[in-house]
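Novice: I'd like to ask you about the structure that follows.
Taken together, the values in this text are just the output of simple stated rules run on the coordinates, not laboratory data. The structure displayed is predicted, hence computed values, not measured ones. FYI the Cβ positions are ideal-geometry reconstructions off the backbone, even for glycines, and counts take in every protein chain you see.
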Amino acid sequence: MEKTIIIGAGINGLLLGALLANDGIHVTILEKNSFPGGRAFVYERGGYSMDYGVHLTRFGQKSALAKIMKRIGADVTFRKLGASYVVKENGEKLLFPTSPSGIFSSKMFTFSEKIRLISLLVKIKKGTFNNGFMDVSLEKWMTRTGITGGIRMYLELLSASAMVCPFVEITSSGEMFRNLHKVFSTGHSAEYLECGWKPVYESLARAIEKNGVIQYGTKADSVIIRNGKACGVTAGKKKFMADTVVINAPVQHLFRMLPKKLFDKKYVAQCENLVPTSGIFFDIALKKRIADCDGLLYTYNPITYGLITSNLCNELAPEGRQLLTMFYPTSIDDVRNTSMRKYRKQELWRAIKRYFPDIDDCILWKRESSLTMIDGAQININQTDDKRPGPVVPVVSNLYLVGDSIAAPGAGGDVGNESVLETYAAMTGITF
Ligand SMILES: Cc1cc2nc3c(=O)[nH]c(=O)nc-3n(C[C@H](O)[C@H](O)[C@H](O)COP(=O)(O)OP(=O)(O)OC[C@H]3O[C@@H](n4cnc5c(N)ncnc54)[C@H](O)[C@@H]3O)c2cc1C
């Protein structure tokens, strides 16, 4: 039986493993942690089931995640978000529109801006901007097009949330237009898994274990390469042999497992220098209910956003209690710098209080995470789909990559889920 080793039980290593096991390939997944999910792990404490930050899935039922789960016979369903809002620095709360009627009722725009925005979104839906614009920053595009006022604020908020890049001077406008085109043409935006992430991991483990194994607490040290071909992995004193090896770790960490000298310097630099998205998350377990809203809660100046996850999936918090997650996307430098990190955390805290001034009295416990890597790749003008490493590793045969830092369509986590389809196609020749 053909054997594949996957290094990493992140969501994308597991999705790929489940597809391969489903095809009758023997799959061994080596995971250094004692739990699945990598950056999308689920933390359970005192009846709360907490994602690492918010884990929304772009395009819901039309996502690569849904497609793959269906293929392995473990369909998933999603919950659409409810009304979203933005609170400005002066405390003014506005409806953040997610539909044409929302645009007309929101006070975010003047009347002429409403007409202009609708016409812009119609063009995006038609795919007018789907080709080109990849190297044009959103800032440049907005300046050229004369976008100001409410529309500018709207696009800045979308850049920060849909693209996880609040820096419009580098966000790729072409990538963002493609992303929005998919939202409008599928009718699905960011949605939440109806039963949370835990059942997804359970289904994937079941699918893999039918024809393989997930070995937790096993850190892969290096890929064994013989005659230019990957044929196994060393982990401590153990050797695991296989016909094919897949690395699910982010490409920035690739050369911890592969000898740099085998590869072109450009390829090494492309992997090592890839800029991830970064920021600060507060995940808050609340001892009482603070609000019924089930949409995104944005703030502007600074741009932060989040939601009460347990309002989308009741099982995530004990009865009468809630789970709130808020995110402040920042630069990697801010996260690395002690005083900036502290300052950004204070800003995020003040932003949360724009919505919930009395939140201090409702907190049971909270987790603060300052993360240098949220998504493997920031979708900026220097790192568009075509500029990231592909699923096939050069020079070494039978060696593949999967995950959210490689070349695949989309932004944020859906890059990773889409990469599973790309890697699976490269390995098996099968597309679906
Ligand atoms: C706080 C937070 C919030 C997020 N919110 C969203 C969201 O709302 N929507 C969205 O789409 N995306 C979101 N993301 C991004 C999403 O989590 C990632 O895109 C996704 O989890 C990446 O999965 P992956 O499998 O590609 O990589 P990873 O999760 O990084 O998985 C790699 C796995 O490999 C393992 N590993 C690494 N090296 C070794 C080794 N040497 N040996 C063995 N194992 C190894 C790691 O432990 C890990 O389990 C968020 C991320 C974070 C951190």
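Novice: Just need a number here: residues in region 262-286 that are over 28 Å from residue 348 (Cβ atoms), in contact (Cβ under 8 Å) with a residue 24 or more places away in the chain and more than 16 Å from the ligand (Cβ to nearest atom).
Specialist: Final tally of qualifying residues: 5.
Novice: Can you tell me which residues in region 5-20 are more than 7 Å from the ligand (Cβ to nearest atom) and either in contact with a Lys or Arg (Cβ under 6 Å, 6 or more places away or on another chain) or closer than 15 Å to residue 220 by Cα (or both)?
Specialist: Result: 5, 6.
Novice: Right, here's the next one. Being crowded, with 23+ Cβ neighbours inside 10 Å and in a loop (DSSP other than H, G, I, E, B) is the filter; apply it to region 21-37 and report the residue that is farthest from the ligand (Cβ to nearest atom).
Specialist: My answer is 36.
Novice: Can you pull out every residue in region 213-222 that is under 19 Å from residue 2 (Cα atoms) and within 11 Å of the ligand (Cβ to nearest atom)?
Specialist: Of all residues in region 213-222, those under 19 Å from residue 2 (Cα atoms) come to 213-215.
The answer is 214, 215.
Novice: So which residues in region 197-212 are in contact with a His (Cβ under 9 Å, 6 or more places away or on another chain) and either more than 13 Å from the ligand (Cβ to nearest atom) or polar (S, T, N, Q) (or both), if there are any at all?
Specialist: Filtering region 197-212 for residues in contact with a His (Cβ under 9 Å, 6 or more places away or on another chain) gives 197, 211-212.
Answer for region 197-212, where residues must be in contact with a His (Cβ under 9 Å, 6 or more places away or on another chain) and either more than 13 Å from the ligand (Cβ to nearest atom) or polar (S, T, N, Q) (or both): 211, 212.
Novice: Something else about it: Please verify whether residue 421 is within 21 Å of the chain's Cα centre (by Cα) and buried (at least 23 other Cβ atoms within 10 Å of the Cβ), treating the condition exactly as stated.
Specialist: Details: within 21 Å of the chain's Cα centre (by Cα): yes; buried (at least 23 other Cβ atoms within 10 Å of the Cβ): yes.
In short, yes.
Novice: Right, here's the next one. Looking at (1) over 20 Å from residue 14 (Cβ atoms); (2) touching a Cys at 6+ places or on another chain (Cβ under 9 Å); (3) within 13 Å of the ligand (Cβ to nearest atom); (4) not acidic (Asp, Glu), can you tell me which one residue 192 breaks?
Specialist: So residue 192 meets the others, but not (1).
Novice: Looking only at residues in region 38-63 that are buried (at least 23 other Cβ atoms within 10 Å of the Cβ), small (Gly, Ala, Ser) and more than 6 Å from the ligand (Cβ to nearest atom), which one is nearest to residue 403 (Cα to Cα)?
Specialist: 63
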